[in-house]
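Inspection log for the structure reproduced underneath, given as structure tokens.
The values are calculated or read from the model by the stated rules, or taken from the named source; none is laboratory data. Note that the structure is a prediction, hence the values are computed from the model and not measured. Cβ atoms come from the backbone with ideal geometry, glycine included; neighbour counts cover every protein chain shown.
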Amino acid sequence: MPRVRGCGCSAAETVIASRRMDRGRSVRLEAGTASHTGLIRASNQDSVGLVEGLYVVADGMGGHRGGEVASAEAVAAMLSVFDRRDRAGLVSAVRSANRTILEMTVTRPDLSGMGTTLCALAVANSASGDEVLAVANIGDSRVYRFAAGELVQVSDDHSLVADLMRAGELTAEEAARHPQRNILTRALGIEADPVIDSWELEPALGDRYLLCSDGLFNELDDGRLAEVLAAGSVQETADRLVDEAVENGGHDNVTVLVLEVVAGPEAREDRRSAVPAARSEWSTPTLGEADQGRVAFGTALAMAVCVLATVVLVVGLYARQGWFIGSDDGDVAVFRGRPSGLLWFDPTFVEGGDLRLAGLDGPIRIAVYETIVVGSLDEARRLIEGFRAGLEAAPTDQA
């Protein structure tokens with residue numbers, strides 16, 4: 001098993017599965033991991049999990065208890081269900097983690113609104129049968145590759161500022177100080193069928209991979225990450241990254257998982273192939289038409305009635321959970337429910353009407369128009385007050 005550093009009371013929830021991956025694989029990774037609560041947070045809502053051949057980092061959200069539960073449950077679900085050793089199987093395991101969180105929010109009102117980011121890397125098979133490294137991501141936890149002296153971010157952040165940067169609305173410098181830079185556009189536990197990004201990468205002996213929560217890269221830039229990844233064992237590197245992130249401010253929980261390809265194909269040249277674009281996938285039915293046709297009509301009808309009754313109950317509860325900021329006839333308003341509604345359950349107007357959408361600056365106006373998902377009414381009010389403060393400060397800034 002990979003070595004894991006114990007970090008005392010500041011450690012993330014760590015899950016190490018007892019089962020092992022296929023023994024006949026030629027690609028093998030060595031792992032080192034470390035975590036710290038940071039200097040500001042009262043608790044560590046990050047979680048990390050690993051078995052031989054599967055590695056996961058999650059960063060929870062949704063209050064003190066909710067964030068811890070969401071990240072830990074997501075990681076545990078990933079490790080328990082990942083049996084299909086390919087990219088589709090990895091994505092399916094992420095979806096299973098999402099269902100686990102949603103089911104808990106239905107039965108545990110105290111955990112309503114919880115969610116988590118998640119990134120994972122696994123040794124898997126490609127369609128041609130070659131061994132590859134499969135990567136999956138949702139949210140703003142990241143996966144990096146350090147190879148041939150070059151650090152490359154593999155995953156794409158799913159956040160408001162990242163979306164605005166990709167659309168050309170913000171520069172990297174503007175994004176770094178944007179007041180809504182922590183707003184996520186995707187996470188587990190928010191919707192029933194989230195879009196999961198995935199990749200396949202060629203393994204090469206000596207290459208290193210870094211999985212981390214945002215508490216790391218918000219404190220250390222890419223140049224420093226590359227310098228630290230270039231030297232020391234994977235455990236020494238993990239410890240050093242966390243220590244430096246805390247020393248540089250420690251404004252958030254910080255968790256890292258450093259991997260090195262210690263068995264596998266030799267690199268064919270000094271440079272590596274470019275990281276491909278993400279494959280963004282929705283869920284697909286698990287049964288084809290031929291399989292469904294084999295089910296007896298009577299049994300299928302009985303099952304359908306039971307499933308429908310359960311779905312109506314679950315959907316009703318789920319549709320009434322959650323909060324978001326959006327537009328109400330041109331006014332900034334707070335709603336309860338899901339932004340697009342769900343079946344016949346529409347979101348409910350809660351409050352608003354005293355701040356016009358047209359008065360906001362471009363990026364914020366776009367974000368509100370497309371809806372901003374928040375964890376509570378208090379969080380929504382704080383964000384709106386921030387919008388209002390920005391408007392009040394604007395004339396002074398121009399002067």
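Within the stretch 178-207, being more than 21 Å from the chain's Cα centre (by Cα) and charged (D, E, K, R) holds for GLU202, ASP207. Scanning the stretch 240-253 for residues that are more than 15 Å from ALA42 (Cβ to Cβ) and either of a type in the set (D, E, K, R) or buried (at least 21 other Cβ atoms within 10 Å of the Cβ) (or both) turns up ARG240, LEU241, VAL242, ASP243, GLU244, ALA245, GLU247. Within the stretch 143-170, if we keep just the residues that are part of a strand (DSSP E or B) and touching a helix residue (DSSP H, G or I) at 6+ places or on another chain (Cβ under 6 Å), the residue that is nearest to ILE364 (Cα to Cα) turns out to be LEU151. GLU68 meets each of the listed conditions (1) buried (at least 24 other Cβ atoms within 10 Å of the Cβ); (2) modelled with pLDDT under 95 apart from (1). Can ARG294 be described as modelled with pLDDT of 85 or more and outside the structural domain of ASN182 (by TED's automatic domain parsing)? No.
Filtering the stretch 142-174 to residues that are surrounded by fewer than 19 Cβ atoms within 10 Å (Cβ to Cβ) and among the small types (Gly, Ala, Ser) leaves ALA148, GLY149, ALA162, ALA167, GLY168, ALA172.
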